[in-house]
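K.L.:
Here it is: the structure, laid out below.
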Amino acid sequence: MNLTPAVKPVEETPIPAETCVIQIEDVHKYYELGETRVHALRGVSVEIARGEFVAIMGASGSGKSTFMNILGCLDKPSAGRYLLEGTDVSRHDKKALALIRNQKIGFVFQGFNLLARTTALENTELPTLYTKIDNSERARRASEALAMVGLADRAHHFPSQMSGGQQQRVAVARALVNRPSILLADEPTGNLDSRTSVEIMDIFQKLNDKGLTIVLVTHEHDIAQFAKRVLIFRDGRIRKDDVATNRPNASEVLKTLPTLED
Ligand SMILES: Nc1ncnc2c1ncn2[C@@H]1O[C@H](COP(=O)(O)OP(=O)(O)OP(=O)(O)O)[C@@H](O)[C@H]1O
Ligand SMILES: [Mg+2]
């Protein structure tokens, strides 16, 4: 008797653990505010593989920044698990989280948060102050990171001597200087005009092409379209998870946009 079925059942292929940078399992986050309790994340589960470029969208208050703070080890889930490169960091204490954050995660925020009386190079060096490398290596890595964002020639400029877009690029260089496995950006183009925003997306696409995993929050569809995958948050849950189709190439889009000189 032949017991082998004629048609093999379709097997779900799980993402192999080693390619999965981020695994979020049924994460909840509560904020206690005196008598009231805000349930900011209500059971979020998602996996993000190495080399993905994810955009997060959703209405104000839907939990995007709360989610990013957890991804970035700035905060912990109230319930559920977070595996970062296979390590369960949801039970780590503050000190352990700070260490992981410094080694594995680069952050870019809406405000550039640069130190005013400090040059682009020194601003970029800041995250390396917590790592055990000597000063010349520090400067070398910072110069390398500035070159990656096209600012090699602005290393000795102060923030006030740079445009908003250039300041945000310094912030990106600072996020890259410790060679993180993930770049997290919460509305990085929120304070920038459209051309400068596309310039930042051009840098993100190039970094992603080199293998960097990127998660970005944005309110703008025009910005989200540069990512490979779009998650939509609503009321503390992921309501949509789409693969982006017809993704534009930011450097091509830039050619069609007017420059300041035009
Ligand atoms: N530190 C906090 N303490 C108390 N409540 C908070 C705190 N941070 C966020 N919340 C609440 O949690 C919910 C989610 O906030 P969150 O900042 O994650 O939203 P968001 O999607 O990033 O919004 P936005 O688009 O406006 O930045 C909101 O109801 C917010 O008021
Ligand atoms: Mg937010």
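K.L.:
I'd like to compare 183-192, 35-44: which one has the highest average count of other Cβ atoms within 10 Å, and what's the full order after that?
P.N.:
Ranking the peptides 183-192, 35-44 by packing returns 183-192, 35-44.
K.L.:
Please give the charge dipole size of the chain, origin at the Cα centre, charges +1 on K and R Cβ atoms and -1 on D and E Cβ atoms. Round to the nearest 20 debye.
P.N.:
Charge dipole, the chain, about its Cα centre: 480 debye, nearest 20.
K.L.:
Fully extended, how many nm does the chain gain between Asp153 and Ile133 (0.36 nm per residue separation, minus their Cα-Cα distance)?
P.N.:
The Asp153-Ile133 span can extend by a further 4.8 nm.
K.L.:
While we're on this one: Length gain on complete extension for the stretch Arg247 to Ala98, per 0.36 nm per residue less the alpha carbon to alpha carbon distance?
P.N.:
So the extension gain works out to 50.2 nm.
K.L.:
For the stretch 20-256, give me the percentage of DSSP beta bridges that are antiparallel, rounded to the nearest 5 percent.
P.N.:
55 percent
K.L.:
Beta carbons within 10 angstrom, averaged per residue: use that to sort the peptides 233-240, 198-205, highest first.
P.N.:
The packing order, highest mean first, is 198-205, 233-240.
K.L.:
So what is Rg over Rh here for the chain, counting just Cα atoms and using Kirkwood for Rh?
P.N.:
1.02
K.L.:
Right, next: Counting only pairs 8 or more places apart or on different chains, how many lysine pairs in the chain have C-alpha atoms closer than 23 Å?
P.N.:
Qualifying lysine pairs in the chain: 28.
K.L.:
Let me ask something additional. Remind me, relative contact order of the chain in percent, using alpha carbon pairs under 8 angstrom and six or more residues apart?
P.N.:
In percent, rounded to a whole number, it is 24.
K.L.:
Moving to a separate point now. Fewest to most neighbouring Cβ within 10 Å: what's the order for Ser60, Ser143, Ser163?
P.N.:
Placing the least packed residue first, the sequence is Ser60, Ser163, Ser143.
Just so you know, all these numbers are worked out from the coordinates, no wet-lab data involved. A quick note: this is a predicted structure, and the numbers were derived from the prediction, not measured. Here the Cβ is made from the backbone with ideal geometry for all residues, glycine too, and neighbour counts use every protein chain on show.
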